[in-house]
Amino acid sequence: MKKIALYPGSFDPITNGHLDIIKRSLCLFDKVIIAVNNNSLKKFLFTAEERVEMIKDVLNYNYFSNVEVESFQGLLVHYAQRKEAKFLIRGLRALSDFEYEFQMDLMNRKLNPQIETVYLMTDQRYSYLSSSIVKEIAQLGGCTKNLVPSLVEKRLLEKFKDIS
Ligand code: ADP
């Protein structure tokens with residue numbers, strides 16, 4: 001049976017930290033579905049369509065047959081069921097990630113005990129990296145090179161030019 005994993009997140013926008021997790025997940029699973037959160041409870045800088053498009057561009061999407069990128073709404077475990085994914089992938093950085101992930105893991109397990117979450121420790125190069133910090137730097141006119149792929153760097157510049 002094919003091992004299908006979902007890598008859920010906001011990806012607002014995708015960073016080099018996310019990319020590292022995606023590449024490493026592809027060595028572990030037959031298929032990885034990057035699930036872009038589009039729940040209206042959260043406020044995003046980029047629309048779901050923009051976030052999906054950026055991920056596809058960065059991954060050179062058509063090249064890989066074992067990656068899928070889609071946005072989703074509603075409960076993650078329901079989406080995972082629809083996609084026949086038995087695994088969720090999450091990245092772990094500082095201790096502060098742990099508390100939230102622990103709560104989510106227990107809740108997801110309660111909602112669907114068949115789905116197992118797999119945690120990948122961040123690469124030390126990206127341990128301080130988050131989409132929020134990248135957005136803050138870009139908004140304040142700082143350089144985001146080496147933090148995000150160059151096409152995302154460009155999109156951030158455009159986005160903040162549009163907003164200001
Ligand atoms: P969410 O809003 O679901 O936390 P994010 O896009 O911020 O969405 O993160 C998605 C997943 O990627 C989370 O598991 C997060 O811990 C992980 N992640 C984000 N940045 C990094 C990084 N620099 N290194 C490793 N994992 C990361």
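The values are calculated or read from the model by the stated rules, or taken from the named source; none is laboratory data. Model, not experiment: these values are computed from the prediction. Reconstructed Cβ throughout: ideal geometry from the backbone, glycine too, with neighbour counts over all protein chains shown. Remember, those area values only see protein heavy atoms, side chains included, never the ligands or the DNA or RNA. Shrake-Rupley method; radii C 1.70, N 1.55, O 1.52, S 1.80 Å.
With the requirement that a residue be within 12 Å of the ligand (Cβ to nearest atom) and at pLDDT 95 or above, what does the stretch 84-103 give you?
L88, I89, R90, G91, L92
Test N37 against the criterion of being within 13 Å of the ligand (Cβ to nearest atom), among the polar types (S, T, N, Q) and within 23 Å of R125 (Cβ to Cβ), and give yes or no.
Answer is no for this residue.
Considering the stretch 57-67 alone, what residues qualify as being farther than 20 Å from Y119 by Cα and either open to solvent by 80 Å² or more (accessible area, probe 1.4 Å) or away from the ligand (no atom under 16 Å from the Cβ) (or both)?
D57, N60, Y61, N62, Y63, F64, S65
Please tell me if I89 is over 25 Å from K43 (Cα atoms), in contact with a Leu (Cβ under 8 Å, 6 or more places away or on another chain) and buried (at least 17 other Cβ atoms within 10 Å of the Cβ).
no
Run down E50, E70, E101 and say which single residue is surrounded by fewer than 18 Cβ atoms within 10 Å (Cβ to Cβ), outside any loop (DSSP other than H, G, I, E, B) and touching a residue at least 60 places away in the same chain (Cβ under 8 Å).
Just a single option satisfies the conditions, and that option is E50.
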